[in-house]
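Trainee: Attaching a single structure in structure tokens format; questions to follow.
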Amino acid sequence: MTSDPKVPGADAVYLYREEKTDDNLHYHSLLVCIKVLTEKGKELATVRIPYERRSFKVTDIQGRTIHNDGTVIQLTAKPSDLTDVKTKNLQINSMVFTLPSVEVGSILEYRLQIRYEDDTVSSPTWDIQQEHFVHKAHYVFEPSKDLAYITNSRGDMANNLMYALIAGDGVKMKHDVTGRYNLDVEDVPPIPNDDWMPPLNTIKWRAQFYYSAYMSGAEFWQKESKRWAKETDRFADPSKTLKDAVAKIVSPTDTDEQKARKLYDEVMKLDNTDFTREKSSAELKNEKLKQIHNAEDVWTQKSGTSDDLTLLFVAMARAAGLHVNPMQVVNRDRAVFDQSYLSLSQLDDYIVVMPLNGKDIYLDPGQKMCPFGLLHWKHTFASGLRLTDSGPALGNTPGGVYTASGVQRIADLNIDDAGGVKGTARFVLTGQEALHWRQLAIRNDESEVKKQFNESIRANMPDGVQADLNHFLGLPDYGSNLVAVVNISGNMGTATGKRFFLPGLFFEAHASHPFVAQDKRTMLIDVHYPKHDLDEVTYHLPAEFTVDTPPQPANISWPAHAVFKVDSKVSSNNVVVSRVAAFNFSVLPSTDYGDLHDFYQKVATADQQQLVLTRAQVAKGN
């Protein structure tokens, strides 16, 4: 077997997967059988098994590689010899091992168990859909028979077992008379891997079990939202210490917006440990600081997580007499809020909702370097819980507007008679574009930021052109545009007889346009945020060149969604080429894909235009 007719071109396939969980015997077991079909498929020989820390332990690992000729090579390492990797997630570790002597055509088999303490239950999540095609899989869950004794982290009784299932047509959970849950599937397609995918939890096949204290979704959201609101208000209490601090920051004559902006700036000055690092218990003790329990602690320590700082802003704004409400959302870069999943653990970040001049504005003080009035894109088109005047409620955030984010690229280029180019370019970044690079600069040193910026701009430029970031302007000032000054050099012209060819759209000469190659799509499209880009490139040509054919004007419109324009002006030996691209959407249904595909095809064609020059003949002497 060198290929699979059900998935032509696949690197590997799962022949069989089996997962069992028994909350009475306190173990998970996993059995996997993989067929390797290509060199890339050999990467599946390295296995990573995530598991919860503390009460959980990976045991009984067995594995083998079977070659085409029937030779079997056993995995001989014991669990104690394998690599136990600590992850950034403080609750999760990963056990890593590699099956031996893997070849194209090999079958990989491994099995293991994850055991946990007798006083622990661990309802499973089954990832039914994998990165590779699954021929057959079998899942079993034996729930605890002692439901009456199960409690949640608060000590409340959690003796109702619930599950959520997302899968294809015809896939159904079976629940037999013994209480066991079974799920059998065949021919499971791989996880889609299109460009600009929505969060995987909206499309990935999975079953998720959990023990709950509630009998219904309505009961859960009614009671848990009140508990959430009580805890949020407790943390964001505007204490006397905070009121005294606020009185020194704002003035009674300030408008509500002026007060909010001043307080926002004060919170932005504090150490956001999600972008640096959280202090250890030893450091807190050495500095005579305590664990953070409320907004006053955050202000006192001048440090906190993104959520801590957001709730500090809420507390300070309330101390200033402002009407603000916190909201906690599911981050759109990770998932989409699922009301049928009865757990507040799905909620991620806090943001702030503030009525101002007759409408709600949304603030993101927990996102370092995020301008006042802008939400990080992962918090737009997001849902979760928010406080309102009438109590807690489910809510949604709005999407962005295309005028708030974008890149303006302005280049002034001198072209010599051999096609050499030298000049400068200025990249003016606004909104989400500026936020990305400012946050990257917090987490990385200057050389790494410069490296990544250069890679991002060079990818689209003509062959032979070197673009080097000279410096940023306004990097620490999140209230202004971010400007990158770039040096341009190299050679980009090609000659044919008397004619000389230059890229008409300098910044898009090698652009990789999305949605062009793929004719059809069944998945949602999520491009993160709307934006508005503008290019203006001035070519200064040698005297012996005349313009034969400049880039032709283009005016492409997708009504209510996108606009694209190209224009060029020739004046003596100077050519100015401008390009405008505005995209007024973030998330699109698959039914819009045909129009999206057509629009990008036309844009890709227009971006490949050339600037054609003619070289004047030099008169020969006698």
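The values are calculated or read from the model by the stated rules, or taken from the named source; none is laboratory data. This one's a predicted model, so the numbers in the text were calculated from it and none came from an experiment. Here the Cβ is made from the backbone with ideal geometry for all residues, glycine too, and neighbour counts use every protein chain on show. With ligands, DNA and RNA removed, areas are computed over all heavy atoms of the protein, side chains included. Shrake-Rupley method; radii C 1.70, N 1.55, O 1.52, S 1.80 Å.
Trainee: Test LYS172 against the stated conditions and say whether it is within 29 Å of the chain's Cα centre (by Cα), part of a loop (DSSP other than H, G, I, E, B), modelled with pLDDT of 85 or more and within 30 Å of MET523 (Cα to Cα).
Mentor: no
Trainee: When only residues in segment 53-82 that are at pLDDT 90 or above and among the charged types (D, E, K, R) count, which is most open to solvent (accessible area, probe 1.4 Å)?
Mentor: So the first thing to find is which residues in segment 53-82 are at pLDDT 90 or above, and the list is 62-75.
Subsequent filtering for residues that are among the charged types (D, E, K, R) retains 64, 69.
On the way: ARG64: 81, ASP69: 121 Å².
Only one residue tops the list, namely ASP69.
The rows are residues; the columns are (1) over 30 Å from the mean Cα position of the chain (by Cα); (2) at pLDDT 95 or above; (3) open to solvent by 20 Å² or more (accessible area, probe 1.4 Å); (4) of a type outside the set (A, V, I, L, M).
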| site | (1), (2), (3), (4) |
| --- | --- |
| ALA229 | no, yes, no, no |
| LYS243 | yes, yes, yes, yes |
| GLU257 | yes, yes, yes, yes |
| ARG261 | no, yes, yes, yes |
| MET268 | no, yes, no, no |
| ARG277 | no, no, yes, yes |
| LYS285 | yes, no, yes, yes |
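Trainee: If you go through segment 85-104 one residue at a time, how many are at pLDDT 60 or above and either among the hydroxyl-bearing types (Ser, Thr, Tyr) or surrounded by 12 or more Cβ atoms within 10 Å (Cβ to Cβ) (or both)?
Mentor: Result for segment 85-104: 13.
Trainee: Evaluate segment 332-348: report whether one residue or more is open to solvent by less than 20 Å² (accessible area, probe 1.4 Å) and of a type in the set (Lys, Arg).
Mentor: Yes; the residues of segment 332-348 include at least one that is open to solvent by less than 20 Å² (accessible area, probe 1.4 Å) and of a type in the set (Lys, Arg).
Trainee: Looking at (1) of a type in the set (S, T, N, Q); (2) under 22 Å from GLY479 (Cβ atoms); (3) modelled with pLDDT of 95 or more, which is the one condition that is false for ASN357?
Mentor: (3)
Trainee: Select from segment 405-455 the residues that are free of Cβ contacts under 8 Å to residues at least 12 places away in the same chain and either of a type in the set (Ser, Thr, Tyr) or within 17 Å of LEU374 (Cβ to Cβ) (or both) and list them in ascending order.
Mentor: Once the filter is applied, which keeps residues that are free of Cβ contacts under 8 Å to residues at least 12 places away in the same chain and either of a type in the set (Ser, Thr, Tyr) or within 17 Å of LEU374 (Cβ to Cβ) (or both), segment 405-455 yields HIS436, SER447.
Trainee: Right, here's the next one. Is it the case that GLY400 is in contact (Cβ under 8 Å) with a residue 40 or more places away in the chain and either open to solvent by less than 30 Å² (accessible area, probe 1.4 Å) or more than 30 Å from LEU541 (Cα to Cα) (or both)?
Mentor: Spelling it out, GLY400 is indeed in contact (Cβ under 8 Å) with a residue 40 or more places away in the chain and either open to solvent by less than 30 Å² (accessible area, probe 1.4 Å) or more than 30 Å from LEU541 (Cα to Cα) (or both).
Trainee: Next question, about the same structure. Among the numbered conditions (1) in a loop (DSSP other than H, G, I, E, B); (2) crowded, with 17+ Cβ neighbours inside 10 Å, tell me where THR38 comes up short.
Mentor: All conditions pass for THR38, except number (2).
Every residue, every condition in (1) at pLDDT below 95; (2) open to solvent by less than 30 Å² (accessible area, probe 1.4 Å), yes or no:
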{"residue": "PHE515", "(1), (2)": "yes, yes"}
{"residue": "MET523", "(1), (2)": "yes, no"}
{"residue": "LYS531", "(1), (2)": "no, no"}
{"residue": "PRO553", "(1), (2)": "no, no"}
{"residue": "ILE556", "(1), (2)": "no, yes"}
{"residue": "ASP567", "(1), (2)": "no, no"}
